[in-house]
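I have placed the structure first, in the form of structure tokens, so that the comments after it can refer back to it.
We did not get these values from a lab; they are worked out from the coordinates using the rules stated. Since the model is a prediction, treat every value here as computed from it, not as a measurement. Using ideal geometry, Cβ is built from the backbone for each residue, glycine included, and neighbour counts are taken over all protein chains shown.
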């Protein structure tokens, strides 16, 4: 089956520190991978997405690289801000295998001012 | 960006009663979804709907659940009868093409359901 693993349940940083959120996935074929961000009281919103056509995605200073060899899709940001505090979900869309997105368990980021 | 609207934002209901959650998807989108999130837990897929039909559903989509989009109006999730374990936030989402083609899903802000 399809699965997404985010080992870090919570990350606490100070402003301007480097962010790294780990994500690994399991599926067959070459899926599309997303990072969605969910702010308190809101629904998830797309942060960035990567398909097999382009190995790296970036948005608002965040970057993620699709590594087929290690089946990983880690999220990074060089310098976080307090406004980045949210829950980050790594999400898998299996290629031509149905309409269900598979969400990771989420990583809650708290950035102290 | 594109907006998905959900009504109500929250509802408290007695166990055994019926509840209907309404979703106004992005106007030109064709695929619709419901996800369930219990407080502090991950998003879980319930069902996908396209062209008037359920395309795929999960084990969480019990027999008491139903979805429809009559005449292109609201996309609804109905639970009848409700149970205590149905308490959760229900997120509606829509996409222009299917999720299997890597299309982006746009989510609403959720409907918080509390069954007492």
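A few points about this structure:
- Taking other Cβ atoms within 10 Å as a rough exposure proxy, B:7, B:12, B:79 sort from fewest to most as B:12, B:7, B:79.
- Percentage relative contact order, chain B, counting C-alpha pairs under 8 Å, at least six apart: 38
- Ranking of B:86, B:71 by neighbouring Cβ atoms within 10 Å, starting from the fewest: B:71, B:86.
- For q = 0.14, 0.24 Å⁻¹, Debye-computed log10 I/I(0) when each Cα of the range A:19-61 counts as one equal scatterer: -0.41, -1.03
- Contact order relative to length of the range A:55-103, as percent, for alpha carbon pairs under 8 angstrom and 6 or more apart: 21
- For the range B:33-84 versus the range A:1-79, the gap between their alpha-carbon centres in whole angstrom: 26
- Residue exposure sequence - B:90, B:35, A:30 - by fewest surrounding Cβ within 10 Å: A:30, B:90, B:35
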